[in-house]
Amino acid sequence: MLDRFNRHINYLRISVTDRCNLRCRYCMPEEGIQLIKHEDILSYDEITSFTRIAVASGITKVRITGGEPLVRKNITALVSMIASIDGVADLSMTTNGVLLAEYARSLADAGLMRVNVSLDTLNHEKFNYITRGGQIENVLKGIEAAQEAGLTPVKINCVIKTSPDEDDAVSVAEYGMKHGLDVRFIREMDLAGGRFSVVHGGAGGHCAKCNRLRLTPEGIVKPCLFNDAGFRIREMGAEEAIKQALNAKPECGTINNQNGFYNIGG
Ligand code: SF4
């Protein structure tokens, strides 16, 4: 489908939960967040039927995000439901990797094609500090398990302050080279402050080429990460929400005061 600026919209990012098993400093406050009530979170049937309609409208690429998608109960069931929709040519997931060693094989069996794993440093203490308690060993094991399960290419999302020449970024790049991983550098963003930039080594953040819509855990279709507009599928139905989101897609992002990265899969 084409938006008002003739951009070809074929990519849907589905945030399946606002919950996470880490507390990264740039993403969540230490005390956690006001969680969405369970009854307000879309069921797997609702997500699947929305995706089916989105695919019929022209979506071909689907990414499952969070929060942390692997903390949602029985996530492999959702993967297999989405994988069985005719027309999904690319099905991927963005994860912090903490539970990936446990899930990689069953995700691949369910039809997941590939994963992006967040990794900002290779320094164990620093990882523990940034994530407020995470153990990097779990993530490294998860990456290995993803490769063994064929969830490739495994891509690494590395958040940087300003430049890929920072020490942590350089060590992540070296680790990527050694292990055959695609590393992409993402500058730390600020939704409310409107600070975003192009992803080094990947897509995203380039408004003129933007091809995406988002679905939040409570069923709001968002036309843009840096925009307050959103359309509720439970109230207006999937088709209308997609149509309105397409019409509301801005030429370029500005600010988003309605969401945090933890509930929009930023
Ligand atoms: S800011 Fe909005 S329009 Fe620009 S690339 Fe991000 S999602 Fe697309």
What number of residues within region 31-51 are within 14 Å of T17 (Cβ to Cβ) and surrounded by 11 or more Cβ atoms within 10 Å (Cβ to Cβ)?
-> 11
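More than 10 Å from the ligand (Cβ to nearest atom) and either touching a helix residue (DSSP H, G or I) at 6+ places or on another chain (Cβ under 8 Å) or at pLDDT 95 or above (or both), is that true of E251? Break it down into steps so the answer makes sense when it comes.
Values: more than 10 Å from the ligand (Cβ to nearest atom): no; either touching a helix residue (DSSP H, G or I) at 6+ places or on another chain (Cβ under 8 Å) or at pLDDT 95 or above (or both): yes.
Here the answer is no, as E251 does not meet what is asked.
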Cβ pairs under 9 Å, 6+ apart or interchain, first in region 191-202 and over 15 Å from N256 (Cβ atoms), second at pLDDT 80 or above and of a type in the set (F, W, Y), ordered by first then second residue, are V199/F185; H200/F185; G201/F185; G202/F185
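Could you tell me which of the residues R234, R212 is of a type outside the set (A, V, I, L, M, F, W, C), out of contact with any helix residue (DSSP H, G or I) (no Cβ under 9 Å at 6 or more places or on another chain), closer than 18 Å to I47 by Cα and at pLDDT 95 or above? Walk me through how you get there before you give the answer.
Working: R234 fails: out of contact with any helix residue (DSSP H, G or I) (no Cβ under 9 Å at 6 or more places or on another chain).
When all the criteria are applied, what remains is R212.
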Residues of region 170-191 classified as basic (K, R), more than 13 Å from the ligand (Cβ to nearest atom) and closer than 25 Å to M28 by Cβ, total | 1
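Residues checked against (1) in contact (Cβ under 8 Å) with a residue 40 or more places away in the chain; (2) under 21 Å from R23 (Cβ atoms); (3) of a type in the set (F, W, Y):
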{"residue": "L122", "(1), (2), (3)": "yes, yes, no"}
{"residue": "N138", "(1), (2), (3)": "yes, yes, no"}
{"residue": "E144", "(1), (2), (3)": "yes, no, no"}
{"residue": "Q147", "(1), (2), (3)": "no, no, no"}
{"residue": "N157", "(1), (2), (3)": "yes, yes, no"}
{"residue": "E188", "(1), (2), (3)": "yes, yes, no"}
Has region 80-99 got at least one residue that is under 14 Å from the mean Cα position of the chain (by Cα), in a helix (DSSP H, G or I) and at pLDDT 95 or above?
-> no
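Scan G194, G205 and give me the residue that is under 28 Å from T162 (Cα atoms), surrounded by fewer than 20 Cβ atoms within 10 Å (Cβ to Cβ) and either near the ligand (Cβ under 8 Å from one of its atoms) or of a type in the set (S, T, Y) (or both).
G205
The values are calculated or read from the model by the stated rules, or taken from the named source; none is laboratory data. Everything numeric in this text was worked out from a predicted model, so none of it was measured. Counting neighbours? That spans all protein chains shown, and the Cβs are built from the backbone with ideal geometry, glycine included.
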